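Visitor: Structure provided below as structure tokens; questions to follow.
The values are calculated or read from the model by the stated rules, or taken from the named source; none is laboratory data. None of the values given here were measured: they were computed from a predicted structure. Cβ atoms come from the backbone with ideal geometry, glycine included; neighbour counts cover every protein chain shown.
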Amino acid sequence: MTYALAPPCVYLRIPAAATKADLIAAFRDAFISVGWTSSSISGGYQLIGASPEGYTVRLKLTDGGGNAVNFQLVSDVGTGSVGVTHSVTWNSAYTWQLQVHPCGWFLSRPNLASAPSGTACCGGIPFVGTPPRQDPISLTEVYWSMGDYYGSPFFFGYNPRACLDIGAGSGARTCGIWAGVVVTGDRNKIGTPQILRYSSSAGDAGSYGGDSSPLWFGGSDILYPAFIAWGDTIDDPIRIRGQVYNAAVRSSSNPMELKRQWDNIVWSNYTDEYFFGSLFLFGEPGLKPTNVTY
């Protein structure tokens, strides 16, 4: 399989921070370490990332009040597009794990799938390539983000830590931006931004008695690209916008943090035991993968 790789990619364990400001600074330093540029803004930092294809995006990493740390992607090319704000919760006892590269990230708390307080978020610029388009456009920006914070003490939003597509969670805290057009998630809408899965046409997780995970006849799972997709509007059919960098999907259910090795790469599973598949991330905590030719 051909992977979309954006080097350098690091997978870090971030220790518990004594203060929220310390945690924000630790996140900032991780982004800077792989090439994002940083400047100070009110309440935190603004970072600029760039993909190997030359697309750029700004990340606002700020104090969200209370115990919240906010992540929000915004336009870097003058269109004024603004993505969804995702919050994670600082606590002096919480540790974090972060896969970060020059144009994206995946953040979570180790061995925790989700919680209403905000425990995971991810986003960035996908690899677009040059697929055939009926009406060619001059694409100036493309980016996406997802997180589990849903603004309720009882619910969490679906995201790749819990599921692929829209299979687990109480609502959608997702967004996709294509050429300045912002589409924000709604779990009940066809155009909701999502990472695609292979599946049968039955409902989720065996609840209808007719589901099965898509496996080869010998029982092995399917390896395929981590495609990110959303509609032109929330009510339009999804369209594949690109491929998530430094990631791949396997069609089997796996526990979070499971390590697997293939193609001379050690991968770490980000998705916790989702029936239809798992998003595996390039690298593992503490390792800077260097054994792949880009």
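Visitor: Does I24 fit the bill of being of a type in the set (A, V, I, L, M, F, W, C), out of contact with any His (no Cβ under 8 Å at 6 or more places or on another chain) and surrounded by 19 or more Cβ atoms within 10 Å (Cβ to Cβ)?
Guide: Answer is yes for this residue.
Visitor: For the stretch 109-117, does any single residue satisfy the condition of being closer than 14 Å to Y55 by Cα, surrounded by 14 or more Cβ atoms within 10 Å (Cβ to Cβ) and modelled with pLDDT of 90 or more?
Guide: No, that holds for no residue.
Yes or no, residue by residue, for (1) within 22 Å of T184 (Cβ to Cβ); (2) touching a residue at least 40 places away in the same chain (Cβ under 8 Å); (3) among the aliphatic types (A, V, I, L, M); (4) surrounded by fewer than 19 Cβ atoms within 10 Å (Cβ to Cβ):
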residue	(1), (2), (3), (4)
G64	yes, no, no, no
S81	yes, yes, no, no
V84	yes, yes, yes, no
I125	yes, yes, yes, no
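Visitor: Do you know which residues across the stretch 77-100 are in a strand (DSSP E or B), among the β-branched types (V, I, T) and out of contact with any helix residue (DSSP H, G or I) (no Cβ under 8 Å at 6 or more places or on another chain)?
Guide: V82, V84, T85, V88, T89
Visitor: With respect to T62, is the statement that it is of a type in the set (V, I, T) and under 16 Å from G118 (Cβ atoms) true?
Guide: In short, yes.
Visitor: Considering I41, I32, I14, which residue is among the aliphatic types (A, V, I, L, M) and touching a helix residue (DSSP H, G or I) at 6+ places or on another chain (Cβ under 6 Å)?
Guide: Sole residue among the options that is among the aliphatic types (A, V, I, L, M) and touching a helix residue (DSSP H, G or I) at 6+ places or on another chain (Cβ under 6 Å): I14.
Visitor: Still on this structure, please answer the following. Since S212 meets every condition but one in (1) more than 16 Å from the chain's Cα centre (by Cα); (2) touching a residue at least 40 places away in the same chain (Cβ under 8 Å); (3) over 21 Å from I190 (Cβ atoms), which condition does it not meet?
Guide: Result: S212 fails condition (2) only.
Visitor: Among the residues of the stretch 90-106, what is the count of those that are of a type in the set (V, I, T) and surrounded by 19 or more Cβ atoms within 10 Å (Cβ to Cβ)?
Guide: Selection size over the stretch 90-106: 1.
Visitor: Find all pairs meeting these conditions: Cβ atoms under 8 angstrom apart; at least six residues apart or on different chains; first residue within the stretch 92-114 and within 16 Å of P126 (Cβ to Cβ); second residue surrounded by fewer than 24 Cβ atoms within 10 Å (Cβ to Cβ) and among the polar types (S, T, N, Q).
Guide: That search, which allows pairs on different chains as well, returns Q99/S268; V100/S33; P102/S51; C103/S51.
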